[in-house]
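Accompanying notes for the structure given below.
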Amino acid sequence: MGEIRKDPVVPRWVIIAEPREKRPTDYRSDGTVVSVTPKSCVLCPGNESNTPAEVYAIRPDGSPPNEPGWQVRVVPNKYPAVYRGGSLDRKGLGLLDSMRAYGVHEVIIETPDHDLQWDSMSAHHLKLVFQTFQARLRALRQDPILRYIVIFRNYKHEAGASLSHPHSQLIALPVVPLTPKEELKACRHYYLERERCLFCDLIYQEREVGKRIVYEGEKTLVLSSFAPRFPYELQILPSEHSHDFAEADESVIEDLAVTFNLILKGLKKLLNDPPYNLVLFTAPNPVPRPGRPDYWGTLPYDYHWHWLLLPRTTRIAGFELGSGFYIHHVDPERAAEELSSLIRAEVASAMR
Ligand SMILES: [Zn+2]
Ligand SMILES: [Zn+2]
């Protein structure tokens with residue numbers, strides 16, 4: 001059993017996990033894919049017995065669990081970073097906080113088709129993937145020890161993927177990690193001063209300026225980040241205020257699927273199918289912690305869920321790690337212009 005530890009100086013948590021080096025991989029060390037066939041891929045249909053038993057699946061044909069017939073399938077990670085069971089066993093020795101690595105680590109197998117990535121998946125199917133994320137958020141929040149659930153997608157070896165079959169992952173944690181917590185606290189602080197949502201204000205302002213809007217769907221908006229860490233970094237948000245992705249309406253999820261499909265097609269053309277990380281930022285577990293019933297009391301008004309898309313065409317190194325500053329050479333306004341013109345062309349050709 002691993003351990004979660006907090007840095008004694010800054011409020012950053014780390015997981016000291018059980019050894020995971022036995023993990024299988026589809027990639028060579030230079031990032032190229034070894035030949036993977038539906039027969040040899042552990043996530044392809046027909047190989048269900050090679051994964052831990054599924055915890056959720058969409059099976060329109062009513063097929064039994066752990067058999068082919070699924071459209072989206074969720075299984076526990078075979079090599080988890082965290083485990084559920086027992087108590088947290090919080091310990092403190094002076095400045096040194098630690099607890100057991102309590103949590104849930106799951107793999108969302110997004111499609112039975114080994115080669116169908118998000119840019120080529122139908123919007124209808126991508127909607128099922130988003131609805132699966134919503135279902136897992138709702139189910140895992142039943143455990144009040146789990147305070148925050150990180151949903152993320154690593155595309156290609158350079159972005160940290162070990163398997164090439166389309167999949168995303170979630171890690172549910174007993175603490176709110178530093179990165180979302182900084183955002184949540186900033187949004188709460190802003191709301192307490194102005195009684196407005198910071199992200200709603202940002203959307204209003206970006207519309208006024210008009211230089212960093214990459215795409216505007218019926219219910220969603222894509223912004224080129226004003227101060228990005230990576231070139232072509234994008235934020236994908238609902239246009240209407242909404243604090244919790246788990247509770248987003250079907251119409252929003254439908255539009256989100258269309259939006260993702262378009263921007264990933266655009267990025268693929270523009271940057272030659274780049275590796276990327278995609279992360280969801282959403283509300284923490286709304287079930288109050290014992291003794292802190294109002295901790296996230298203003299959350300429905302002050303927070304605004306969004307996805308962050310980080311193309312990984314540049315590496316981070318000493319300066320970034322040592323300073324938190326990021327240097328790159330693409331200005332965000334140019335990124336928005338390049339990507340939005342590709343998307344406009346894509347939309348026009350789809351309408352023809
Ligand atoms: Zn596969
Ligand atoms: Zn808002």
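The values are calculated or read from the model by the stated rules, or taken from the named source; none is laboratory data. Worth saying up front: this structure is predicted, and the values here are computed from it rather than measured. Every residue, glycine as well, gets a Cβ built from its backbone with ideal geometry; the counts of neighbours run over all protein chains shown.
Descriptive notes on the structure:
- Scanning region 108-118 for residues that are under 15 Å from Ile171 (Cα atoms) and either within 16 Å of ligand 2 (Cβ to nearest atom) or buried (at least 23 other Cβ atoms within 10 Å of the Cβ) (or both) yields a single hit, Ile109.
- Cβ pairs under 9 Å, 6+ apart, first in region 27-43 and on the phi > 0 side of the Ramachandran plot, second away from ligand 2 (no atom under 16 Å from the Cβ): Gly31/Lys156; Gly31/His157; Gly31/Glu158; Gly31/Pro275
Per-residue answers, yes or no, for (1) in a helix (DSSP H, G or I); (2) out of contact with any Phe, Trp or Tyr (no Cβ under 6 Å at 6 or more places or on another chain); (3) among the aromatic types (Phe, Trp, Tyr); (4) in contact (Cβ under 8 Å) with a residue 60 or more places away in the chain:
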| residue | (1), (2), (3), (4) |
| --- | --- |
| His243 | no, no, no, yes |
| Val287 | no, yes, no, yes |
| Arg315 | no, yes, no, no |
| Leu321 | yes, yes, no, no |
| Ile327 | no, yes, no, no |
| Val330 | no, yes, no, yes |
| Ser349 | yes, yes, no, no |
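- Residues of region 187-201 satisfying the condition of being within 13 Å of ligand 2 (Cβ to nearest atom), part of a helix (DSSP H, G or I) and out of contact with any strand residue (DSSP E or B) (no Cβ under 8 Å at 6 or more places or on another chain): Cys187, Arg188, Tyr190, Tyr191, Arg194, Leu198, Cys200, Asp201
- Of all residues assigned to region 242-254, at least one qualifies as being surrounded by fewer than 22 Cβ atoms within 10 Å (Cβ to Cβ), away from ligand 2 (no atom under 16 Å from the Cβ) and among the charged types (D, E, K, R).
- Condition met for Asp255 (in contact with a Gly (Cβ under 8 Å, 6 or more places away or on another chain) and without any contact (Cβ under 8 Å) to a residue 60 or more places away in the chain): yes
- Qualifying position, being away from ligand 1 (no atom under 16 Å from the Cβ), over 18 Å from Val287 (Cα atoms) and among the aliphatic types (A, V, I, L, M), among Leu126, Leu146, Leu163, Leu137: Leu126
- Test result for Tyr102, modelled with pLDDT under 95, of a type in the set (Phe, Trp, Tyr), in contact with a Gly (Cβ under 9 Å, 6 or more places away or on another chain) and on the phi < 0 side of the Ramachandran plot: yes
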